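Here the structure comes first, spelled out in structure tokens, and everything after it is commentary.
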Amino acid sequence: MVQMNKKFLIQKVEIKGNLKRRLLDLGFVPGSVVEVLKASPLGDPISYRVAGTVIALRKEESQLLFGEVIES
């Protein structure tokens, strides 16, 4: 999930442990729409909008979220 200004429909979350619980609580659940907003100046982390909240995730975290592009 690193293409800027795109919206994704989350299909699968492959994160384990406490981080998975945190992301699920924040709205990163299968069926949710996530909008990629912008990257930090060095490219990591990247900010996402999900469930009306802006969240920054590192690349290693976001690479464990799988889905499909629904809007450009």
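The values are calculated or read from the model by the stated rules, or taken from the named source; none is laboratory data. None of these values were measured; they are calculated from a predicted model. In this analysis, Cβ positions are derived from the backbone assuming ideal geometry, glycine residues included, and neighbour counts consider all displayed protein chains. The protein model used for the area step is the full one, side chains on, heavy atoms only, and it has no ligands, DNA or RNA in it. Shrake-Rupley method; radii C 1.70, N 1.55, O 1.52, S 1.80 Å.
If only one of Val69, Val34 is surrounded by 16 or more Cβ atoms within 10 Å (Cβ to Cβ) and either on the phi < 0 side of the Ramachandran plot or not hydrophobic (A, V, I, L, M, F, W, C) (or both), which one is it?
That would be Val34, the only listed residue that is surrounded by 16 or more Cβ atoms within 10 Å (Cβ to Cβ) and either on the phi < 0 side of the Ramachandran plot or not hydrophobic (A, V, I, L, M, F, W, C) (or both).
State which residue pairs qualify: first residue touching a residue at least 40 places away in the same chain (Cβ under 8 Å) and under 11 Å from Asn5 (Cα atoms) and inside the stretch 42-55, second residue assigned to a loop (DSSP other than H, G, I, E, B) and open to solvent by less than 20 Å² (accessible area, probe 1.4 Å) in any location, beta carbons under 9 Å apart, and separation of 6 or more residues or different chains.
So the pair list comes out as Tyr48/Phe28.
Is it the case that the stretch 44-66 has a residue that's modelled with pLDDT of 85 or more, open to solvent by 60 Å² or more (accessible area, probe 1.4 Å) and assigned to a helix (DSSP H, G or I)?
Yes; the residues of the stretch 44-66 include at least one that is modelled with pLDDT of 85 or more, open to solvent by 60 Å² or more (accessible area, probe 1.4 Å) and assigned to a helix (DSSP H, G or I).
Restricting attention to the stretch 3-18, which residues are more than 16 Å from Val69 (Cα to Cα) and open to solvent by less than 50 Å² (accessible area, probe 1.4 Å)?
Once the filter is applied, which keeps residues that are more than 16 Å from Val69 (Cα to Cα) and open to solvent by less than 50 Å² (accessible area, probe 1.4 Å), the stretch 3-18 yields only Ile15.
Of everything in the stretch 20-31, what is surrounded by 14 or more Cβ atoms within 10 Å (Cβ to Cβ) and over 17 Å from Ile70 (Cα atoms)? Give them in sequence order.
Lys20, Leu23, Leu24, Leu26, Gly27
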